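**Q** Got a structure for you, questions after.
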Amino acid sequence: MTFYLRIPSDGNGPVVSCLSEVTEESSGSDSRLSFSDPKEFEIVPSSGVLAPQSEVEITVSLCSNTRRHYDAAMVVDVEGVALELFSLPISAK
């Protein structure tokens, strides 16, 4: 079964990871200014193939671009079955 994980309310640009932010700040560059709507959530892995009766560990990281309360949902799309088959609520502040 091929799955895809995503957060529909997240940005449309590339993922801006917290680690890259720290590295770029220390080097004096600031490439995040070129992204108009960066993604704030990083999902690893964001897709894959899952065999029957198996499991996979998923890591979700948030690198907030603003100070706010987050109420979102991570959804699971399964190829050939359905979009947003399952959803998992995510809250952060």
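**Q** When the residues of region 46-76 are filtered to those that are over 15 Å from residue 9 (Cβ atoms) and surrounded by 12 or more Cβ atoms within 10 Å (Cβ to Cβ), which remaining residue is modelled with the lowest pLDDT?
**A** Applying the first criterion (over 15 Å from residue 9 (Cβ atoms)) to region 46-76 yields 46-59, 61, 63, 67, 76.
Going one step further and asking which of them are surrounded by 12 or more Cβ atoms within 10 Å (Cβ to Cβ), we end up with 46-48, 50, 58, 61, 63, 76.
On the way: 46: 95, 47: 97, 48: 97, 50: 93, 58: 96, 61: 90, 63: 86, 76: 97.
Across region 46-76, the extreme among qualifying residues is 63.
**Q** Which one is farthest from residue 11 (Cα to Cα), of the residues in region 81-93 that are of a type in the set (Gly, Ala, Ser) and at pLDDT 95 or above?
**A** Residue satisfying both the conditions and the ranking: 82.
**Q** Within region 16-35, does at least one residue satisfy the condition of being under 18 Å from residue 88 (Cβ atoms) and either at pLDDT below 85 or out of contact with any helix residue (DSSP H, G or I) (no Cβ under 7 Å at 6 or more places or on another chain) (or both)?
**A** no
The values are calculated or read from the model by the stated rules, or taken from the named source; none is laboratory data. Small disclaimer: the values here were computed from a predicted structure and weren't measured. Positions of Cβ are backbone-derived with ideal geometry, glycine not excepted, and every protein chain shown enters the neighbour counts.
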